[in-house]
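Colleague: Have a look at this one.
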Amino acid sequence: MQIRNALVFEESGSFVRRDLWILGDQFVTKEEHESRAKIHKKEEALPDFGALKAIPMLVDIHFHGCDGADFCDGTEAAIRKLAAYELKNGIGAICPATMTYGEEKLTEIARAAANHENREGADLVGINMEGPFISRKKRGAQNPACIHRPDGEMFLRLQKEAKGLFKLCDLAPEEPGAMECIRKLKGQVVLSLAHTCADYETARAAFQAGASHMTHLYNAMPGISHRLPGPVVAAWEEGAEVELIADGIHIHPAVVRMTFRLFGDSRVILISDSMRAAGLPDGTYTLGGQGVTVTGRRAVLAEEPDTIAGSVTNLMDCLRTAVLSMGIPLESAVKAAAVNPARSIGISRRYTSLRPGCYANLLLVNDGLEICHMIHKGKLLY
């Protein structure tokens, strides 16, 4: 397959007009493509795409569910449903997140993920362990009954059941045992500060001990004050990467713009943090065993209506909102929704680049960022 004359996204953060060549499930050089085409005497040349931009399929490393399914359902049927919905919306690789549950339930979820085979839909490339090593005071929509002190041995048991799929482990660094947990797991998994009451000094110590990531920045953590800088400033100073939910509900557009300027577009990771109501109408749903009421683009705990309970927006919609409503340059938004998350969890060698040797996962979008054509692992889906 040949993609002709598109404006192609480059990892450097620019668009260049050029052709792309696909052989099997990956991008190849022009020479490789021509050599194989001569042997098989068959080639599919798609129409000229001069009016469209070619961007890699997105990677969501923090979401819980969609289309009525939740990753924590712990079933193959749920994973397949997640994967189908995500792929349909331009997300080629997924690293869904757990909620705060006990070890027995988390083991069930880990085993289901480990047994999943990437045959259809978005590829399951990891698990994000958002709970249970969090602060009770900043639990947000997490179930307080299952909160557990940070425990490196517990994580390693779960990692064994998941066959190494856990790519991120979230924790509150001020909790007893957290620093020991960070030191124990450093280098084995990306350690992220989350649902925390940590002050600047504690957060900075956690980053220096081995943490390198911030879960949904600004949400479920202290804010910035001129006398109490808090964990956000510590993350900036220590070079951490940070997640942002750009759904238009969780964070004000001005703060999203500020964050891209402060951290730079190489350290910001767009996430959806979606729950099972994403893609479905308003109504009552569940998240982590708690009731959630969805009205429009807003999801809140049924018993605590002031508490946001994830989002109902997929990552492609978050990218559109960031660019079209918040003023983030498209090049920066694509880096944050594709390149950076893949790098963060160690899958960038095959995903999110349009260079030879990577999976041919490609979106062709118009100026409104509508998906006009989608190619997944070399197959034209529409």
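The values are calculated or read from the model by the stated rules, or taken from the named source; none is laboratory data. Keep in mind that what you see is a predicted model, and the values were worked out from it rather than measured. FYI the Cβ positions are ideal-geometry reconstructions off the backbone, even for glycines, and counts take in every protein chain you see. In case anyone asks, the SASA skips ligands and DNA or RNA and just uses the protein heavy atoms, side chains included. Shrake-Rupley method; radii C 1.70, N 1.55, O 1.52, S 1.80 Å.
Colleague: Taking A254 as meeting all but one of (1) of a type in the set (A, V, I, L, M); (2) touching a Phe, Trp or Tyr at 6+ places or on another chain (Cβ under 8 Å); (3) surrounded by fewer than 16 Cβ atoms within 10 Å (Cβ to Cβ), write down the number of the exception.
Modeller: (2)
Colleague: Select from the stretch 214-242 the residues that are assigned to a loop (DSSP other than H, G, I, E, B) and touching a Lys or Arg at 6+ places or on another chain (Cβ under 7 Å) and write down the one among them that is surrounded by the fewest Cβ atoms within 10 Å (Cβ to Cβ). Give the derivation first.
Modeller: First, the residues of the stretch 214-242 that are assigned to a loop (DSSP other than H, G, I, E, B): 215-229, 238-240.
Those left that are additionally touching a Lys or Arg at 6+ places or on another chain (Cβ under 7 Å): 220-221, 238.
Working: A220: 22, M221: 24, E238: 15.
Out of the qualifying residues, it is E238.
Colleague: A further question on this structure: Regarding the stretch 80-93, can at least one residue be identified that is among the charged types (D, E, K, R), more than 20 Å from R350 (Cα to Cα), in contact with a helix residue (DSSP H, G or I) (Cβ under 8 Å, 6 or more places away or on another chain) and modelled with pLDDT of 95 or more?
Modeller: Scanning the stretch 80-93, I find no residue that is among the charged types (D, E, K, R), more than 20 Å from R350 (Cα to Cα), in contact with a helix residue (DSSP H, G or I) (Cβ under 8 Å, 6 or more places away or on another chain) and modelled with pLDDT of 95 or more, so the answer is no.
Here is a yes/no grid of residues against (1) closer than 30 Å to H33 by Cβ; (2) open to solvent by less than 10 Å² (accessible area, probe 1.4 Å):
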| site | (1), (2) |
| --- | --- |
| T313 | no, yes |
| D317 | no, no |
| E331 | yes, no |
| A337 | yes, yes |
| P341 | yes, yes |
| P356 | yes, no |
| V365 | yes, yes |
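Colleague: Still on this structure, please answer the following. Residue pairs, Cβ under 7 Å, 6 or more apart or interchain, first in the stretch 27-54 and open to solvent by less than 90 Å² (accessible area, probe 1.4 Å), second at pLDDT below 65. List them.
Modeller: Pairs that qualify, where the first residue is open to solvent by less than 90 Å² (accessible area, probe 1.4 Å) and the partner is at pLDDT below 65, are A37/E43.
Colleague: Could you tell me whether any residue of the stretch 199-211 is under 22 Å from the mean Cα position of the chain (by Cα) and of a type outside the set (F, W, Y)?
Modeller: Within the stretch 199-211, the subset under 22 Å from the mean Cα position of the chain (by Cα) is 207, 210-211.
With of a type outside the set (F, W, Y) added as a condition, the list becomes 210-211.
Taking every residue of the stretch 199-211 in turn, at least one turns out to be under 22 Å from the mean Cα position of the chain (by Cα) and of a type outside the set (F, W, Y).
Colleague: Return yes when A211 is in contact with a Pro (Cβ under 9 Å, 6 or more places away or on another chain), of a type in the set (A, V, I, L, M, F, W, C), under 19 Å from S135 (Cα atoms) and part of a loop (DSSP other than H, G, I, E, B) and no when it is not.
Modeller: yes
Colleague: Still on this model: Can you tell me how many residues within the stretch 118-140 are open to solvent by 10 Å² or more (accessible area, probe 1.4 Å) and assigned to a strand (DSSP E or B)?
Modeller: From the stretch 118-140, those open to solvent by 10 Å² or more (accessible area, probe 1.4 Å) are 118-121, 124-125, 136-140; that's our starting set.
Next cut, assigned to a strand (DSSP E or B) only: 124.
The qualifying residues number 1.
Colleague: So is R149 assigned to a loop (DSSP other than H, G, I, E, B), under 21 Å from G92 (Cα atoms), open to solvent by 30 Å² or more (accessible area, probe 1.4 Å) and of a type in the set (K, R) or not? It would help to see each step written out before you state the result.
Modeller: Numbers: assigned to a loop (DSSP other than H, G, I, E, B): yes; under 21 Å from G92 (Cα atoms): no; open to solvent by 30 Å² or more (accessible area, probe 1.4 Å): yes; of a type in the set (K, R): yes.
Answer is no for this residue.
Colleague: Modelled with pLDDT of 95 or more, within 27 Å of G291 (Cβ to Cβ) and in contact with a Gly (Cβ under 6 Å, 6 or more places away or on another chain), is that true of A112?
Modeller: Details: modelled with pLDDT of 95 or more: yes; within 27 Å of G291 (Cβ to Cβ): yes; in contact with a Gly (Cβ under 6 Å, 6 or more places away or on another chain): yes.
So A112 passes the test.
Colleague: A follow-up question, please. Which residue out of D70, D60 is open to solvent by less than 20 Å² (accessible area, probe 1.4 Å), in contact with a Leu (Cβ under 6 Å, 6 or more places away or on another chain) and either within 25 Å of K379 (Cα to Cα) or not small (G, A, S) (or both)? Give the derivation first.
Modeller: Working: D70 fails: in contact with a Leu (Cβ under 6 Å, 6 or more places away or on another chain).
When all the criteria are applied, what remains is D60.
Colleague: In the stretch 188-208, which residues are assigned to a loop (DSSP other than H, G, I, E, B) and open to solvent by 40 Å² or more (accessible area, probe 1.4 Å)? Break it down stepwise before answering.
Modeller: We begin by selecting, within the stretch 188-208, every residue assigned to a loop (DSSP other than H, G, I, E, B); these are 188-189, 194-199.
Matches in the stretch 188-208: Q188, C197, D199.
Colleague: Let me ask something else about it. Given the structure, is R349 among the charged types (D, E, K, R), surrounded by fewer than 24 Cβ atoms within 10 Å (Cβ to Cβ), assigned to a loop (DSSP other than H, G, I, E, B) and touching a residue at least 40 places away in the same chain (Cβ under 8 Å)?
Modeller: Working: among the charged types (D, E, K, R): yes; surrounded by fewer than 24 Cβ atoms within 10 Å (Cβ to Cβ): yes; assigned to a loop (DSSP other than H, G, I, E, B): yes; touching a residue at least 40 places away in the same chain (Cβ under 8 Å): no.
Taking the combined requirement at face value, the residue does not satisfy it.
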